[in-house]
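First the structure, in the form of structure tokens, and then the observations on it.
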Amino acid sequence: MEFNLVVGLKEKQEKTVTMNDTAKVFGSGAAEVFATPMMIGLMEAASMNAVKRYLPEGFSTVGISVNIKHISATAVGKRVWAEAELVEVDRKRLVFKVDAYDEDKKIGEGTHERFIIDESKFMGNLK
């Protein structure tokens, strides 16, 4: 099946940092700041949502690779967002440039790869 995805598709995903989003609660650190895994999740969500409306019924994407730098801490209560831009399409493999920000600064950057799947086949293969 051919997918008509074009380089340049963009999406933004945002949230307000809560205590449940902190490194301390997540278990990835001792500080009460926005956890790196939560930032990566926001980046993945922005990437997934950038292309999902362009995929045929029954198809979606799964994350296969992240190369991310978390460059600045964010306090609880701050608004954060991730921006994703599709920069490469190689058949079913998609590459996104991702950046994350809080109200004051850039907090993360990198690349994220996703793969297009047929949901029923994918789930069937897990059984």
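Since every read-out is calculated from the coordinates, none of them should be taken as a lab result. Just so we're clear, the structure is a prediction, and the values are computed from it rather than from any experiment. Here Cβ is always computed from backbone atoms with ideal geometry, including for glycine, and neighbour counts include all displayed protein chains.
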Taking amide H positions as placed in the peptide plane 1.01 Å from N, state which residues far from T74 in sequence (5 or more) or on other chains have amide H under 5 Å from it.
F34
What is the distance in Å between the Cα centroid of region 32-103 and that of region 3-28?
5
For region 71-80, what does the Karplus curve 6.51 cos²θ - 1.76 cosθ + 1.60, with θ = phi - 60°, yield as ³J(HN,Hα) per residue in whole Hz, taken in order and with x for Gly and Pro?
9, 7, 7, 10, 7, 4, x, 7, 7, 10
What is the Cα radius of gyration of region 76-127 over 2.2 N^0.38 Å, N being its residue count?
1.58
With the convex hull built on the Cα atoms of region 1-96, state its orientation-averaged projected area in nm².
6.7
Taking Cα pairs under 8 Å and at least six residues apart, what relative contact order does the chain come out at, in percent?
29
Past 26 Å, Cα to Cα, is the threshold; run K24/K127; K10/K127; K24/K97; K52/K97; K52/K121 against it and keep the listed order.
K24/K127; K10/K127; K24/K97
Can you give the longest stretch of the chain with no exposed loop site, where a site means GluC sites (Glu not before Pro) in a DSSP loop (not H, G, I, E or B) with at most 14 other C-beta atoms within 10 Å?
3-56
Segment E2-I71, length gained on full extension (0.36 nm per residue, minus Cα span):
21.1 nm
Taking placed amide H atoms and a strict 5 Å upper bound, the residues 5 or more places from L9 or on another chain that come that close are L86
